[in-house]
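Enquirer: Mind having a look at this structure? Questions to follow.
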Amino acid sequence: MPDIILKGNMKKIAYLLSVFAVLIFTSLQVAATADDSQIIEYHGLDLSHHNGEVDWPKLSTVGMRFVFIKATEGMDDKDPNFDSHWQNAEKTGILRGAYHFYVTEDPPEKQAQFFIDTVKLSSGDLVPAVDIELLGKNTAPDVADKLQVFVNILTAHYGKKPIIYTGRTFWNKHMTDKFGQYPLWIAEYGVEKPVSPKGWLDWHFWQWTEQSTLPGVEKEVDLNYFNNRDKTFSDVLLP
């Protein structure tokens, strides 16, 4: 994935299939090639109820290494599919992580406690992730300070810094450069490699497409890649 996004031509698609014979996407608008260092264990997806039904035994045959599962949004909205996804990810042996969709108008303390009450993480799970990508119309100007409160609470509870998911344009416009010590999950599509927002030198996870189809997942799904060249999974796993 880093340095390897396809331009959509058939030659590169053929190369993808030769490298990842077990990873067959039934409809990709963006495909990827990889050299020997980008093996299947560094690829994953993220899921919420928006992706429809999931046939986990079928999905487990694709070879995804990890999955981020939406758990909560704001201070009182639990994803209706979280519990089943969470349990099935463990049963099928896919490395699992839970994420919270951050609502900039809701108190960070209540959002953090809601996530903690909902998500019981175990050793070997991915650290929590917080998705911040939208600014509510009534958001106060201290949105970065409030996000800091949220991540501080999660760090204290789980014992490791959470992952921050965001897009570069949103982050650079509304946030600060004070979060570079947190693992970054960056969303950027149609590029050879992503550019980190201000405050970060590099990234741990890259959501490189939101328009893929995988066996076992009813609707289109996001695909992600782990930065195996510069990072290790121990950075983002609970001890």
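Enquirer: Need the full-extension length gain, V191 to T61, defined as separation in residues times 0.36 nm minus the C-alpha distance. One decimal, nm.
Expert: Answer, rounded to one decimal: 44.0 nm.
Enquirer: Which distance in nm do the two modelled labels at K91 and D145 give, with both placed 7 Å along the Cα-to-Cβ direction?
Expert: About 4.7 nm, to one decimal.
Enquirer: Just need the relative contact order of the range 60-187 here, percent rounded to a whole number, with Cα pairs under 8 Å and 6+ apart.
Expert: RCO, the range 60-187: 22 percent.
Enquirer: A further question follows. Only bridges whose two residues both fall in the range 45-236 count here: according to DSSP, what percent of them are antiparallel, nearest 5?
Expert: Counting DSSP beta bridges with both partners in the range 45-236, the antiparallel share is about 30 percent.
Enquirer: Still on this model: For each of K70, K58, K91, count neighbouring Cβ atoms within 10 Å of the residue's Cβ, then give the residues from fewest to most.
Expert: With the sparsest Cβ surroundings first, the list reads K91, K58, K70.
Enquirer: Which of the residue pairs K58/K91; K193/K219; K110/K146; K91/K120; K78/K110; K160/K193 have a Cα-Cα distance greater than 20 Å in the structure shown?
Expert: Pairs exceeding the cut-off: K193/K219; K160/K193.
Enquirer: Oh, and also: Net charge within 15 Å of K91 by Cβ-Cβ distance, Lys/Arg positive one each and Asp/Glu negative one each, not counting K91 itself?
Expert: -2
Enquirer: A98's amide H: which non-local residues (gap 5+, or another chain) put their own amide H closer than 5 Å, with H modeled 1.01 Å from N in plane and none for Pro or chain starts?
Expert: Result for A98 returns I69, A129.
Enquirer: Could you please report the charge total around E220, scoring K, R as +1 and D, E as -1 over all other residues with beta-carbon less than 14 angstrom from its beta-carbon?
Expert: -4
Enquirer: If you stretched the chain out fully between D77 and L201, how much longer would it get, using 0.36 nm times the residue separation minus the C-alpha to C-alpha distance?
Expert: Stretched out fully, the D77 to L201 stretch lengthens by 41.3 nm.
Enquirer: Any chance you could list P(r) for the range 112-186, counting all Cα-Cα pairs in 5 angstrom bins from zero, rounded to whole %?
Expert: 3, 14, 27, 26, 17, 9, 3, 1
Enquirer: Further question on the same structure: What fraction, in whole percent, of alpha-carbon pairs in the range 71-200 exceed 24 Å separation?
Expert: 29 percent
Every number here is computed from the coordinates shown, using simple stated rules; none is lab data. Everything numeric in this text was worked out from a predicted model, so none of it was measured. Heads up, the Cβs are rebuilt from the backbone with ideal geometry, glycines too, and the neighbour counts pull from every protein chain shown.
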